[in-house]
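What follows is a single structure, written as structure tokens, with notes after it.
The values are calculated or read from the model by the stated rules, or taken from the named source; none is laboratory data. Remember, predicted model here, so these are calculated numbers, not experimental data. Note that we place each Cβ from the backbone using ideal geometry, even for glycine, and neighbour counts take in every protein chain shown.
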Ligand code: NDP
């Protein structure tokens, strides 16, 4: 299979005719060739987006909402294909790709259609005047997304950008381009207006960087690693582009001494190992109250040992491969480092060799490590793989201090039979998203984003609609 860029409503080969190989990480086999786009391809995409902007932005919001619903319906009818391609590109289990990736890609469009429909006009009355807050589109916006939740995260940005009247130049990760390409096929099938959504495939430092640098792209919404986020900010901030940065995390799962332990063990295992630990929200540091430590860790190890690791195409697989053999080596090197830092592997710890067709796949056992210092590299750096460390604490204050020790501040969860206590512990953790007695329980209206090195800005509900619009205040003085 060879895919092309999608520019101005057409599938177009990259101008320099260079292609990259795209692998299935669960088999090591090449699945497709994808464009290695350059500045010139991005230029063409920006021109197409600029040409499409007047018509798209002049549609009424109701007309754009109708388009969002058409996309949602068309995507819904292809959700089996979305799941199959996502599983093939990422190595994630097909059941997870269906339940999370395919379902959420559809619901992102449905949600933002409904949210925009209910958007409240903001007016502020004074004794002698009224302020009318109006919204205009930002213009052409650049969307750059990672490989862990490919279409899920891309549509999370596309839907609000579209509904607010912007046109789009987007670059998915070069490791997971296939569902973005499927979305383009769907757009063609519903005769979606040409040039409103343009997808340029290729590498971050070339295609991605050209999007950041383009003077006619007025806003950048980026999800990815903190190191790349710094490059994005350095490039885009001096050009005064609007910027949204959703970056890395090293999130704590805190098990208080009054937690329902079997439930907390299930939750902690799910938080640590969903998508092989490759979710920015994963709880990779499990902090456990001293007096329940042994009982909890035994339950947690049982949970992890009961997970089925295997062929992602098998409906019963819980854990598939990681994203690439390079990433597998990086994760394994952290496991080695953990041993040097004094950690003891309680479960897992090794590369897994599976039978064909997965003999060359990038599989790692879900791994729990005990005995690491809370400020060790393995307990503070984002590993982004199926590896979690377990740490002991005595008081709630100590747990909070341990949770806050990293440079990150994205998410976390607290497990307790006392929700009031859980909420007050959560309030003292420096993170943008916290759960009590659950994990990854999402209401799309709520603010989503991180503090410290986990990002700048918030997505979700009104926050996304505000990012993708320019607000003006018109103050009308009354006679
Ligand atoms: P990267 O930062 O490596 O890449 C993210 C995107 O940026 C990719 O499309 C990449 O392209 C592109 N890119 C790389 N360099 C540049 C550049 N110079 N200019 C413009 N674009 C560039 O992240 P990963 O793909 O490895 O994703 C994993 C990271 O994403 C983790 O740190 C994770 O925590 C974070 N993440 C954060 C989330 C959040 O909501 N906070 C959600 C999901 C993930 P290419 O792939 O071609 O290099």
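Please determine whether any residue of region 115-125 is in the same structural domain as residue 459 (by TED's automatic domain parsing), within 23 Å of the chain's Cα centre (by Cα) and over 30 Å from residue 477 (Cβ atoms).
yes
Residue check: is residue 407 in contact (Cβ under 8 Å) with a residue 24 or more places away in the chain, within 15 Å of the ligand (Cβ to nearest atom) and more than 30 Å from residue 28 (Cα to Cα)?
Taking the combined requirement at face value, the residue satisfies it.
Restricting to strands (runs of 3 or more DSSP E) lying wholly in region 368-479: which have 2 or more residues that are farther than 30 Å from residue 166 by Cβ and not assigned by TED's automatic domain parsing to the domain that holds residue 92?
Those strands (runs of 3 or more DSSP E) span 387-393, 411-415, 433-436.
Here are some residues: 142, 165. Which one is within 10 Å of the ligand (Cβ to nearest atom), touching a residue at least 40 places away in the same chain (Cβ under 8 Å) and more than 23 Å from residue 88 (Cβ to Cβ)?
From the options 142, 165, the qualifying one is 142.
What number of residues within region 299-312 are assigned to a loop (DSSP other than H, G, I, E, B) and either surrounded by 19 or more Cβ atoms within 10 Å (Cβ to Cβ) or not assigned by TED's automatic domain parsing to the domain that holds residue 286 (or both)?
3
Among the listed residues 174, 213, which satisfies the condition of being closer than 26 Å to residue 4 by Cβ, within 16 Å of the ligand (Cβ to nearest atom) and touching a strand residue (DSSP E or B) at 6+ places or on another chain (Cβ under 7 Å)?
Selected residue: 174, the only one of 174, 213 that is closer than 26 Å to residue 4 by Cβ, within 16 Å of the ligand (Cβ to nearest atom) and touching a strand residue (DSSP E or B) at 6+ places or on another chain (Cβ under 7 Å).
Determine whether region 127-135 contains at least one residue that is farther than 24 Å from residue 233 by Cα, away from the ligand (no atom under 16 Å from the Cβ) and out of contact with any strand residue (DSSP E or B) (no Cβ under 6 Å at 6 or more places or on another chain).
The answer is yes; a qualifying residue exists.
Please go through region 220-252 and give me each residue that is in a loop (DSSP other than H, G, I, E, B), touching a strand residue (DSSP E or B) at 6+ places or on another chain (Cβ under 8 Å) and either away from the ligand (no atom under 11 Å from the Cβ) or without any contact (Cβ under 8 Å) to a residue 40 or more places away in the chain (or both), ordered by number.
Correct list: 241 only.
Tell me, which residue of region 30-42 that is assigned to a helix (DSSP H, G or I) and in contact with a helix residue (DSSP H, G or I) (Cβ under 8 Å, 6 or more places away or on another chain) is surrounded by the fewest Cβ atoms within 10 Å (Cβ to Cβ)? I'd like the intermediate steps shown before the answer.
Going residue by residue through region 30-42, those that are assigned to a helix (DSSP H, G or I) are 39-42.
Narrowing the set further to residues that are in contact with a helix residue (DSSP H, G or I) (Cβ under 8 Å, 6 or more places away or on another chain) leaves 39, 41-42.
On the way: 39: 15, 41: 26, 42: 28.
Only one residue tops the list, namely 39.
Scanning region 177-208 for residues that are in a loop (DSSP other than H, G, I, E, B) and away from the ligand (no atom under 15 Å from the Cβ), which turns out surrounded by the fewest Cβ atoms within 10 Å (Cβ to Cβ)?
This residue is 191.
Would you check if residue 136 is surrounded by fewer than 24 Cβ atoms within 10 Å (Cβ to Cβ) and either within 20 Å of residue 202 (Cβ to Cβ) or over 20 Å from the mean Cα position of the chain (by Cα) (or both)?
Against the criterion (surrounded by fewer than 24 Cβ atoms within 10 Å (Cβ to Cβ) and either within 20 Å of residue 202 (Cβ to Cβ) or over 20 Å from the mean Cα position of the chain (by Cα) (or both)), residue 136 qualifies.
Examine region 324-341 for a residue that is in a loop (DSSP other than H, G, I, E, B) and within 16 Å of residue 275 (Cβ to Cβ), and state whether such a residue exists.
yes
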